[in-house]
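A quick write-up on the structure given underneath.
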Amino acid sequence: MNLVKSSRIQSIDLLRGLVMVIMALDHVRDYFHLGALHYDPVSMDTTTPALFFTRFITHYCAPIFVFLAGTSAFLYGSRKPKAELFKFLVTRGLWLVFVEIVIMNFLWWFDLSYGFINLQVIWAIGICMILLGFLILLPLKVILIFGLVMVFGHNALDGIVMQGTDLKSILWYALHQQNFVPMGSRMVGLFYPIIPWVGVMGLGYCFGTFYQSGFDASLRKKWLLRLGLGSLLLFFILRGINIYGDMIPWSQQKNTTYTIMSFFNVYKYPPSLLFLLITIGPGFLFLYFTESVKNKATEFLLVFGRVPFFYYVLHIFIIHLSALIIHALLGGNWRDMILDNTIFTTDTLTNYGYSLWVVYLVWIAVVLFLYPICKKYMTYKIKNKAKWWLSYL
């Protein structure tokens, strides 16, 4: 399983690879678990401890992916003139917006009419990259302050709630409030509001200074430990106080297990301060403990971490196609898996889905299937790094 030598930072790719693999679990659950299309997996009224944990563990994916996108931008820019980094961020951001709207929405739904356009994490990364392109023109300290204000202060805006389809409301949905927007016969879902996410990417960009050439490794590890433990400590303090930092206060439940689940049930759309502390904080600790670790497991995860965008696009297609094929083989109508904007309001797939253990089996199968494909692409990408277009894939 020897990997082609790369100049990339292993621990960062390792963390990215881990969250990419975990992310597939959530998306397999979306397509295979009984009731996934109609029931919230973290609702205390309907969830189970196993289902809650399955959803909670995948919370780590989006924030770490966005944060490390900022880090990668800094490291890429450390070898380029500022003007070249600006051009790259803006053009790649526009490319990702296009990919989300045109490519990913087809792969998610298989609906050629694009009846439901869901703007998710690729959209958020694209918009945030465009904004980061302008932010990098500012001093690093200003970017740091901006990121901290966005992450720590955005929950003060939770009380601003809008409804309707006027321009002001739609802009607010895009900035801070998740919502559906009907547009003629189509429905647009805005689930990754920009305000907190651009703060996350900005902080990730500043974080890149710890990995620039010449930075003392021992000092970096001290900062990783401080940031990791500090984030977790702040999470438990703020969550215990139960006043600020999340839209959903925790509460006493029917038993201790469900009370603990309520405590950790933090809000993702938009990602609350507590959501970001409990997800990115352990990410710092992971980087601390794995900086020099090399074994078969790390080699496996590095493959996905070095081609994350390629893996992301491909894994959605494979999961959705697998759901369609298996549904047809078991006697269902394959057209049921052509999902449009009525999927959440009709009972076509109300009884569709399988047990949670099936979800885990399919998840493992998908990851193992994608590994050799991603490894071949990773090798090609390393050997052809001079090809500019590969940086967009």
- How big is Rg to Rh over the chain, alpha-carbon atoms, Rh as the Kirkwood inverse-mean-distance radius? 0.95
- Message: Run the simple label-point estimate for Leu112 and Thr91 please: 7 Å along Cα→C-beta, distance reported in nm.
- Response: 3.3 nm
- Message: Modelling each spin label as a point 7 Å along the Cα-to-Cβ direction, I'd like the Lys222/Ser169 distance in nm, to one decimal.
- Response: 5.4 nm
- Message: I'd like the distance between the alpha-carbon centres of segment 167-244 and segment 316-334, rounded to an integer number of Å.
- Response: 35 Å
- Sum of side-chain charges, Asn105 neighbourhood, beta-carbon under 15 Å (Lys, Arg +1; Asp, Glu -1): -3
- Item | Normalised per residue, the volume of the convex hull around the Cα set of segment 143-200 (Å³) | 74 Å³
- Item | Size of segment 349-393 as Cα extents on the principal axes (Å, biggest first) | 50, 20, 10
- Item | Whichever aspartates and glutamates have a C-alpha closer than 18 Å to that of Lys385, once near sequence neighbours (fewer than 8 apart) are set aside | Asp13, Glu84
- Wrap a convex hull around the Cα atoms of segment 254-390, take a quarter of its surface area, and give that in square nanometres. 13.5 nm²
- Note on the structure: Checking Thr71, Thr290, Thr346 against a Gaussian network model of the chain (alpha-carbon springs below 10 Å), the top fluctuating residue turns out to be Thr346
- Query: Can you work out D for segment 231-317 in µm² s⁻¹ from Stokes-Einstein, where Rh is the Kirkwood radius over C-alpha pairs, the temperature is 10 °C and the viscosity is 1.306 mPa s?
  - Reply: 102 µm²/s
- Message: Need the list of lysines near Lys222 for cross-linking: C-alpha distance under 24 angstrom, and skip anything on the same chain fewer than eight residues off.
- Response: Lys141, Lys294
- Message: When 1/r is averaged over all different Cα pairs and the result inverted, which Kirkwood radius in Å belongs to segment 66-108?
- Response: 11.4 Å
- Query: Just how many % of Cα pairs in segment 75-221 lie over 27 Å apart, if you round to the nearest whole percent?
  - Reply: 33 percent
- Item | Interchain or long-range residues, amide H under 5 Å from Phe116's placed H | Met187, Asn341
- Query: To the nearest 500 deg cm²/dmol, what mean residue ellipticity at 222 nm is calculated for the chain from DSSP H runs of n ≥ 4 alone, each contributing -39,500 (n - 2.57), summed and divided by the residues?
  - Reply: -20000 deg cm²/dmol
- Based on the Kirkwood radius over alpha-carbon pairs, what value in µm²/s does the Stokes-Einstein equation return for the translational diffusion coefficient of segment 214-282 at 37 °C and 0.692 mPa s? 249 µm²/s
- Item | Listed residues Leu171, Leu131, Leu330, most fluctuating in the chain (Gaussian network, C-alpha, under 10 Å) | Leu330
- Task: Return the percentage of antiparallel bridges among DSSP beta bridges fully within segment 10-392, rounded to the nearest 5 %.
- Result: 50 percent
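Throughout, read-outs are computed from the coordinates displayed, never taken from laboratory work. These numbers were taken from a predicted model, which means no experiment stands behind them. We place every Cβ from the backbone using ideal geometry, glycine too, and count neighbours over all the protein chains shown.
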